[in-house]
Amino acid sequence: MALPELASDLESLHQQGLLRTRRVLESAQGAHVTVDGKHYLSFCSNDYLGLANHPDLIAAAQQGAARYGVGAGASHLVSGHSAAHHELEARLADFVGQPAALLFSTGYMANIGVIGALLGRHDAVFADKLNHASLNDAALLSRAKLQRYPHLDMQALDAMLAASKAPRKLVATDTVFSMDGDIAPLPELLALCERHDAWLLLDDAHGFGVLGEHGQGALAHCGIASPRIIYMATLGKAAGVFGAFVAGAPELIQTLVQRARSYIYTTAAPPMLASALAASLELIAAEDWRRRHLGQLIAHLKQSLKLRRWHLLPSVTPIQPVVIGPNAETVAVSEALRERGILVPAIRPPTVPKGQARLRISLSAAHSIEDVERLAQALNEFENR
């Protein structure tokens with residue numbers, strides 16, 4: 001493809017209101033940030049517990065760097081697997097109530113590693129229609145047959161599983177859906193997997209640290225356990241640092257060590273990040289006030305928004321999407337908020353279905369009630385223009 005064709009494609013994205021741009025963050029992540037030289041109230045990040053700039057995590061990272069240096073220097077299977085990594089894996093497994101855990105550099109790499117290690121061209125993946133792109137890409141790369149069921153439709157999934165002749169079946173789902181904020185029916189999903197002898201891969205990127213009495217995630221929130229569950233969570237959202245992990249049966253974890261290409265063929269994450277994550281786990285478990293405060297913020301936003309044309313999706317999580325519809329209007333509202341000193345991202349297709357462009361409000365324990373009130377007043381005013 002010649003460069004003029006690329007330029008034409010980019011112009012087409014611009015005309016459709018789909019061209020993405022980057023803003024430069026010049027401060028630490030938080031509820032109040034400096035972007036492109038200006039100060040903003042931010043509802044953009046997935047730092048749900050407000051830990052990304054916590055002094056305990058900073059101190060732990062500094063101590064980890066002093067002990068282990070900065071770079072890991074090699075893959076885990078060569079010489080990059082440090083004591084900090086090893087200890088963190090054990091602590092993560094214990095925290096989510098699983099026998100074993102394995103660190104990955106990102107959630108994307110974890111999902112690709114799991115599905116690619118367990119399934120091949122004769123197997124089948126059954127995926128919720130609104131799953132994160134990494135789960136869909138992982139299924140395609142594995143060459144297994146990908147079947148997508150309507151969002152949260154357990155009857156359709158049951159029929160698909162019953163009709164499948166695949167030797168290995170895997171149901172893959174977000175626990176908290178990243179653009180809608182709703183929660184998958186995990187007990188029903190597990191029951192179907194038990195009935196049809198399928199693996200259940202749970203992507204708890206947006207549930208870990210937030211759901212559960214002490215932030216242990218979706219498994220604790222729903223009270224489920226099974227050796228057929230493959231649990232994945234990311235560590236750059238509520239945990240405030242970086243990375244991901246997969247937890248489950250020891251045989252599963254050892255299989256991933258042997259076969260997950262995205263684990264084997266990449267340099268290990270810096271050990272100092274593992275040190276910071278150990279500190280993060282302690283705060284997640286001990287400081288329940290962060291989750292209680294999130295609940296208060298969610299309730300206040302719902303109470304304060306007086307929307308008639310736009311629609312706040314039903315979510316009990318920190319992800320609070322306001323569906324506007326047209327791309328251009330959604331972008332215009334996001335820009336109007338920015339001019340007021342408030343950052344809320346406009347989410348457009350293909351991330352969400354066509355005609356369902358939205359503002360994705362991400363609440364954090366670092367926000368105050370006054371912050372949420374300021375956002376709600378602005379949205380109420382803009383909708384009435």
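Every read-out reported here was derived from the displayed coordinates using simple, explicitly stated rules and does not represent laboratory data. Because the structure is predicted, anything quoted here is derived from the model rather than measured. Positions of Cβ are generated from backbone atoms using ideal geometry, with glycine treated the same way; all protein chains shown enter the neighbour counts.
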Mean-position separation - Cα centroids, segment 115-134 and segment 154-214, in angstrom: 12 Å
So for the pair ILE369, ARG261, with labels modelled 7 Å out along Cα→Cβ, what separation do we get in nm? 5.4 nm
Spatial separation of Cα centroids for segment 296-356 and segment 1-61, in angstrom: 17 Å
For segment 67-112, what's the relative contact order in percent, using C-alpha pairs closer than 8 Å and at least 6 residues apart? 20 percent
Could you work out how much longer the chain between SER304 and GLU383 gets when fully extended? Use 0.36 nm per residue separation minus the Cα distance between them, nm to one decimal. 27.1 nm
Ranked output for segments 105-116, 232-243 by mean other Cβ atoms within 10 Å, highest leading, reads 232-243, 105-116
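Students often check this: by mean Cβ neighbours within 10 Å, which of 204-214, 91-101 ranks highest, and how do the rest follow?
Values: 204-214: 24.6, 91-101: 19.4.
Those peptides, ordered most packed to least, come out 204-214, 91-101.
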If I model a spin label at THR21 and GLU194 as a point 7 Å from the Cα along the Cα→Cβ vector, what separation in nanometres do I get? 5.3 nm
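Across the chain, how many lysine pairs, 8 or more apart or on two chains, come within less than 20 Å at their alpha-carbon atoms? Walk me through the numbers before you get to the answer.
Values: LYS129/LYS145; LYS129/LYS169; LYS129/LYS354; LYS145/LYS165; LYS145/LYS169.
Lysine pairs, 8 or more places apart or on different chains, close enough: 5.
For an R0 of 25 angstrom, estimate the FRET efficiency from the Cβ-Cβ distance between ALA83 and ASP56 and round to the nearest 0.05. Show your work: numbers first, answer last.
On the way: r = 20 Å, r/R0 = 0.80.
FRET efficiency, ALA83 to ASP56: 0.80.
Calculate the FRET efficiency for TRP289 and GLU5 from the Cβ-Cβ distance with a Förster distance of 41 Å, rounded to the nearest 0.05. Intermediate results must be reported in sequence, preceding the final value.
On the way: r = 54 Å, r/R0 = 1.32.
Once the sixth-power term is evaluated, E becomes 0.15.
For a Förster distance of 35 Å, can you work out the FRET efficiency between the beta-carbons of ASP36 and ARG91, rounded to the nearest 0.05? Could you put the intermediate results ahead of the total?
On the way: r = 38 Å, r/R0 = 1.09.
Once the sixth-power term is evaluated, E becomes 0.35.
Please report the antiparallel percentage of the DSSP beta bridges confined to the chain, to the nearest 5.
On the way: 26 of 46 bridges.
Beta bridges within the chain, antiparallel portion: roughly 55 percent.
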What are the extents of the Cα atoms of segment 55-286 along their three principal axes, in Å, largest first? 56, 37, 28
Given Cβ point charges of +1 (Lys, Arg) and -1 (Asp, Glu) and nothing else, what value in debye, to the nearest 20, does the dipole of the chain about its Cα centre take? 660 debye
Over the chain, relative contact order from alpha-carbon pairs under 8 Å, at least 6 apart, %: 23 percent
